[in-house]
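Rule-based calculations on the coordinates, nothing more; no lab input. The model shown is predicted, which means the values in this text are computed figures rather than measured ones. Cβ placement follows ideal geometry from the backbone for every residue including glycine, while neighbour counts extend to all protein chains displayed.
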Amino acid sequence: MEEEEEHKGLITTANEELIEASGANALLLQIRPNWQAKNLIQRVQKLLRVDPSSACQRIFNASIYDLREKIIIAGLDIAGEAAKLHKLPSISKQEDVEALSASRVLDLSYRMGLLTRPEYRKLLRVYDIRKDLEHEDDEYEAGIEDCVYVFKTTIDVVLSKDPIHLIKLTDFKEIVEKPEPAQISDAVLTDYKSAPKQRQWEIYKFLFYSILKEDHPEIIRQNCYNTIIAIKEHTNNQVILDLANHYNDKLGRNTPKLKEARAANAAGILPFFKSILLNDLYKTYYLKMKATGHSFKSNNQHGELLRNLKEIGGLDYVKEPVLTNMVRWLVECYIGEKSFGRYSNSRKVFYSYSGANLSLEILNSTSQNILPIIQRLGKKDNDIMTSNLDKNVENRFQNLIDELQ
C-alpha cells in the first residue's frame with residue numbers, strides 16, 4: 001500500500017513538471033473572468049495533476065456550454081435561419097439550443113458565423129480527442145500534448161472570447177432614420193463586420209433600397225447612402241453579389257437611372273450590372289455631358305454634372321467608344337481655351353474652375369489606363385490640336401499629362 005501511494009506521488013510530481021513546462025497553466029489564465037468566477041480554472045488545475053483526460057473533457061465541455069450561450073445571445077432568429085439553411089435540427093427556442101449535441105453545437109456555431117472555418121476545424125479535432133478520452137483504455141491514454149492542444153484551442157477560440165452581441169436591423173434603422181447626419185461608430189462597424197451573412201444581407205438590402213425610396217426624406221436617403229459606403233468594406237462578398245443579382249433581376253432590360261446607378265456604385269454592385277445596361281448608362285450620360293458642353297461658359301452646370309459622374313463610378317466601368325468621348329470632354333474642360341476680350345491680359349486661358357478641378361480628379365482617380373488615350377488625342381484630335389496652338393493652353397495640356405504620369 002505504501003509503495004502504491006509512493007508511486008502515485010511520483011506520477012503526480014511528473015505530471016506537474018510536464019504541465020508547468022507545457023504552459024497549460026498559463027493558458028488557463030487567459031479564460032474570461034466570468035468563467036474564472038465559476039472556479040473552472042481551479043478544478044481543471046487539480047484534475048491536470050492526477051487525471052489529464054478528465055481535465056481535457058472538463059475544459060472542452062465548458063467550451064461547448066459557452067458556445068450554447070453565445071448562440072442564444074447572438075439571436076435565435078439567426079440560429080433558426082442557419083439551422084434551416086444547412087439542414088441542422090430546427091431551432092425556435094432556447095431549449096432547442098440546449099438540446100443540441102456537442103457536434104451540432106459546433107456545426108451551428110460555424111454556420112452562424114460565430115466560428116471561422118479554421119476555428120471550426122480545430123474544434124472538430126478537439127472533439128475527436130475528447131471522444132478518444134471518453135473511451136480511454138490501455139491502448140490510448142491522454143498525454144500532455146493532448147492537453148496542450150485541447151486547452152490552447154478551446155481557450156483561444158472560445159473561452160477567451162466575449163459573446164458576440166449581433167447587431168440588428170433595428171440598430172441601423174435608429175442610426176439612419178434621424179433628422180440629422182448619421183454617425184457610424186467603430187463599435188457599430190465591429191459588430192456589423194462580425195455579423196453572420198444573413199444579418200448583413202438584411203441590413204445591406206435595407207440601406208440600398210432605402211436610398212431609392214422617393215417617399216423618404218432626403219436626410220434619411222443620404223444617411224443610408226453614407227452608411228452603405230461606410231460598411232461596404234466590412235460586408236461579406238457574397239452579400240454584395242446577392243444584392244447585385246437581386247437588383248439585376250429587378251432592372252430586367254431597363255437602363256439604370258442616375259439615382260439607381262449612384263446607389264449601386266455606393267453599394268459596390270454597379271460593376272456586376274449587365275454590360276449592355278452599363279454601356280447604355282454611360283452612353284446616355286455622355287450625351288448629357290455633350291449637351292452641357294465643356295466651355296467655361298457652362299461653369300455653373302459643371303459641378304453637379306461631374307460630381308454625379310464621380311458617384312456613378314467615374315470612368316472605371318466605361319467601355320469604348322464612350323470612354324474616349326468622355327476622356328476628350330474632360331480633357332477639353334480641363335485645358336480650356338485661349339482667352340479673349342478685355343480679360344485676356346489678366347487671364348491667359350479661359351476654363352471652368354469647378355469643371356477643371358473635377359475633370360482632373362476624375363481623370364486622375366480612374367482605375368483604367370487612360371494616359372495613352374489622352375496622348376493620342378493630343379496628337380490627332382482636331383479640337384485639342386487647335387487649342388494647343390496657343391502656348392498657354394498647351395501648357396495646361398502638358399500639365400495634365402504630367403499629373404497623370
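Below is a table of values for the structure above.
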{"quantity": "Rough spin-label spacing in nm, given labels placed 7 Å along Cα→Cβ, for Ile72 and Leu189", "calculated": "3.4"}
{"quantity": "Cα-based shape type of segment 207-248, given that a ≥ b ≥ c are square roots of the gyration tensor eigenvalues and the cut on a/c is 1.5", "calculated": "oblate"}
{"quantity": "Local net charge near Asp215, Cβ-Cβ under 14 Å (Lys/Arg +1, Asp/Glu -1)", "calculated": "0"}
{"quantity": "Whole-number D in µm² s⁻¹ for segment 276-404, Kirkwood Cα-pair radius fed into Stokes-Einstein, 25 °C, 0.890 mPa s", "calculated": "166"}
{"quantity": "Extreme residue, positive dipole direction of the chain, given options Asn34, Tyr192, Pro163 (C-beta unit charges)", "calculated": "Tyr192"}
{"quantity": "Shape category assigned to segment 169-272 from the gyration tensor of Cα positions, a/c cut at 1.5", "calculated": "oblate"}
{"quantity": "Hull volume in cubic angstrom per residue (convex hull over the Cα atoms of segment 143-190)", "calculated": "66"}
{"quantity": "Kirkwood hydrodynamic radius over Cα pairs of the chain, then Stokes diffusion coefficient at 25 °C and 0.890 mPa s, in µm²/s", "calculated": "93"}
{"quantity": "Approximate shape of segment 248-287 as ellipsoid semi-axes (Cα gyration tensor, √5λ), whole Å, largest first", "calculated": "14, 12, 9"}
{"quantity": "Leu371 paired with Asp249, simple spin-label distance in nm, labels 7 Å along Cα-to-beta-carbon", "calculated": "4.5"}
{"quantity": "Dipole moment magnitude, nearest 20 debye, the chain about Cα centre, only Lys, Arg, Asp, Glu C-beta charged", "calculated": "3520"}
{"quantity": "Cα gyration tensor shape of segment 216-313, rounded if a/c is under 1.5, else prolate or oblate by comparing a/b with b/c", "calculated": "oblate"}
{"quantity": "Ratio Rg/Rh, restricted to segment 45-125 and using Cα atoms, in which Rh is the Kirkwood radius", "calculated": "1.05"}
{"quantity": "Qualifying lysines (Cα of each under 21 Å from Cα of Lys257; at least 8 residues distant if same chain)", "calculated": "Lys205, Lys213, Lys274, Lys283, Lys288, Lys290, Lys310, Lys319"}
